[in-house]
1. Do you know which of the residues in the stretch 334-369 that are modelled with pLDDT of 85 or more and surrounded by 15 or more Cβ atoms within 10 Å (Cβ to Cβ) is farthest from residue 241 (Cα to Cα)?
2. Here is a list: 241, 233. Which entry is under 30 Å from residue 356 (Cα atoms) and either modelled with pLDDT of 90 or more or crowded, with 16+ Cβ neighbours inside 10 Å (or both)?
3. When you scan the stretch 99-117, do you find a residue that is over 30 Å from residue 213 (Cα atoms), at pLDDT 85 or above and not in a loop (DSSP other than H, G, I, E, B), even just one?
4. Is there any pair linking a residue in the stretch 234-246 that is at negative phi and part of a loop (DSSP other than H, G, I, E, B) to one that is buried (at least 16 other Cβ atoms within 10 Å of the Cβ) and modelled with pLDDT of 95 or more, with Cβ under 9 Å and at least six apart or on different chains, and which?
5. Looking at 279, 272, which is the one that is within 26 Å of the chain's Cα centre (by Cα), under 30 Å from residue 226 (Cα atoms), surrounded by 14 or more Cβ atoms within 10 Å (Cβ to Cβ) and modelled with pLDDT of 90 or more?
6. So residue 211 fits all but one of (1) buried (at least 19 other Cβ atoms within 10 Å of the Cβ); (2) in contact (Cβ under 8 Å) with a residue 60 or more places away in the chain; (3) farther than 30 Å from residue 98 by Cβ; what number is the exception?
7. Only residues that are in contact (Cβ under 8 Å) with a residue 24 or more places away in the chain and part of a strand (DSSP E or B): list them for the stretch 350-373, please.
8. Against the definition (closer than 21 Å to residue 221 by Cα and touching a strand residue (DSSP E or B) at 6+ places or on another chain (Cβ under 9 Å)), how does residue 322 come out, yes or no?
């Protein structure tokens, strides 16, 4: 199969004044071994002007591009790129819609040492970037495409200098280095997660240099930049929460209608949150601490009629407290439990023994935005 840029004119009309005539493009083959890497020499005695009678070919004579240097690309026409198969069929070459490249799951442990007190951070970095890299797909050329090893070294250098900061600042530093170091990249997105280590308690005292694996809760951030505009989204994952009481009836009017058996409800699940800053020029640490506190306290105190009701209340508190946050997305994966049936054992179960229900798992997600109208 050969790939050619074919002008849109009929080869059978207005052709060269040769005895041989072309009636079809069947078997049309061009050799690619004719020293195309060197400068093409002047062709003497061109038998005919191929653009004579240009009305039929809808083309106009232009400067001869055959004498361009070997490493110079002549200007392209706005014609189609066609694929001509050996059996003569013609079709358009597929167009590349979008591309992205990058690295994922670059894991590292950053230890900040302050005298006898050490603070470890277990970090995982993933990033993607976009740019004009169509030639890498069409022609296999990697011009301007940063090598994977260079990108890993870039992340490690940024971790050494900024790893002790908040992960949002770390992400901003990576984006800045990528965009400045590789001009062909037009947009970069960095995602970072951080897992905590808890200080080991020995002899009633927290140790400064010994640790235990902490809770499964994970801090997250996503930083996107094109060099002119920056978007920062912070979040947390795997916040395991539970309520055993304090729920409001779903229908307030039915609270005393005699149809409710008064069974205690149980809510157990995993909560994830994302919040978007209206500007990257904020102090991220107090915002993260405050948002997490608002989530936990609202979950504990709000007399919700449902998971949906509680999630909206959490988002409402966050947006009312922090004007620099534009929107909040909350997701709750409920792990259902039901009271154990002890009737066959002759025992009562006053809602203090529950058994896990494996499936189905309830999922509720909501995005609450600030009303700017």
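1. Filtering first and then ranking leaves 368.
2. Exactly one residue qualifies, and that residue is 241.
3. So far as the stretch 99-117 goes, yes, one or more of its residues are over 30 Å from residue 213 (Cα atoms), at pLDDT 85 or above and not in a loop (DSSP other than H, G, I, E, B).
4. Final answer for the pair search is none.
5. 272 is the lone residue from the list that is within 26 Å of the chain's Cα centre (by Cα), under 30 Å from residue 226 (Cα atoms), surrounded by 14 or more Cβ atoms within 10 Å (Cβ to Cβ) and modelled with pLDDT of 90 or more.
6. (1)
7. 354, 362, 363, 364, 365, 366, 367, 368, 369
8. Details: closer than 21 Å to residue 221 by Cα: yes; touching a strand residue (DSSP E or B) at 6+ places or on another chain (Cβ under 9 Å): yes.
Yes.
The values are calculated or read from the model by the stated rules, or taken from the named source; none is laboratory data. Computed from a predicted model, the values in this text were never measured in an experiment. Cβ: placed from backbone, ideal geometry, glycine included. Neighbour counts: every protein chain shown.
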